[in-house]
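First comes the structure, then the notes that go with it.
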Amino acid sequence: QVQLVESGGGLVQAGGSLRLSCAASGRTFSTLTVGWFRLAPGKEREFVASISRTVGIPIYADSVKGRFTVSRDNPKNTAYLLMNSLKPEDTALYYCAANTNTYPSGAAASYTYWGQGTQVTVSS
């Protein structure tokens, strides 16, 4: 069973940066494709970014492209989401998710494993 634990959330001013981490256990990390999603109050869950297993091909939602960077460190069993130029509308609970598919995906239904989330709050 794969377990995912997010960390790195917090309160930051607009324009600031945060780096989220997603630590995985229970399976060889290089065999997992990882996705990041977020859930803001009153809104539906939104895809943020994904990075494929093995070679690490990234994809991004249009709303974060150019500001966020997804990466992975397979020996450390960890994926990262570096968030720059944060805006108040980025405020949300951020989740990482994982599956064993070959390619990155923005479809939440394609992910089998989910973490508990880490809160990101951006003040104006």
>> With the requirement that a residue be aliphatic (A, V, I, L, M) and open to solvent by less than 20 Å² (accessible area, probe 1.4 Å), what does the range 21-39 give you?
In response: Ala24, Leu32, Val34
> Is there a residue being more than 19 Å from Glu6 (Cα to Cα), among the hydroxyl-bearing types (Ser, Thr, Tyr) and touching a Ser or Thr at 6+ places or on another chain (Cβ under 7 Å) anywhere in the range 48-62?
Replying inline: yes
>> Condition first: touching a residue at least 40 places away in the same chain (Cβ under 8 Å) and among the acidic types (Asp, Glu). Can you find one or more residues in the range 25-46 that meet it?
In response: yes
> Which residues, taken from the range 53-96, are basic (Lys, Arg) and assigned to a helix (DSSP H, G or I)?
Replying inline: Lys76
> Looking only at the range 40-52, which residues are open to solvent by 10 Å² or more (accessible area, probe 1.4 Å) and assigned to a loop (DSSP other than H, G, I, E, B)?
Replying inline: Ala40, Pro41, Gly42, Lys43, Glu44, Arg45
> Hey, any hits in the range 44-59 for a residue that's among the polar types (S, T, N, Q), at pLDDT 95 or above and closer than 18 Å to Ser123 by Cα?
Replying inline: no
>> Here are the criteria: (1) without any contact (Cβ under 8 Å) to a residue 60 or more places away in the chain; (2) more than 11 Å from the chain's Cα centre (by Cα). Tell me which single one Tyr60 does not satisfy.
In response: (2)
> Quick one: which of Leu4, Leu82 is touching a residue at least 40 places away in the same chain (Cβ under 8 Å) and open to solvent by 30 Å² or more (accessible area, probe 1.4 Å)?
Replying inline: Leu82
> Which of the residues spanning the range 97-122 are surrounded by 12 or more Cβ atoms within 10 Å (Cβ to Cβ) and either of a type in the set (D, E, K, R) or outside any loop (DSSP other than H, G, I, E, B) (or both)?
Replying inline: Ala97, Ala98, Asn99, Ala108, Ser110, Tyr113, Trp114, Thr118, Gln119, Val120, Thr121, Val122
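Got at least one residue in the range 66-74 being surrounded by 14 or more Cβ atoms within 10 Å (Cβ to Cβ), more than 18 Å from Ala107 (Cα to Cα) and hydroxyl-bearing (Ser, Thr, Tyr)?
yes
The values are calculated or read from the model by the stated rules, or taken from the named source; none is laboratory data. Predicted, not measured: the structure shown is a model, and the values here were computed from it. All Cβ positions, glycine included, derive from the backbone under ideal geometry; neighbour counts span all protein chains shown. When the accessible area is computed, the model is the full protein with side chains, heavy atoms only, and any ligands, DNA or RNA have been set aside. Shrake-Rupley method; radii C 1.70, N 1.55, O 1.52, S 1.80 Å.
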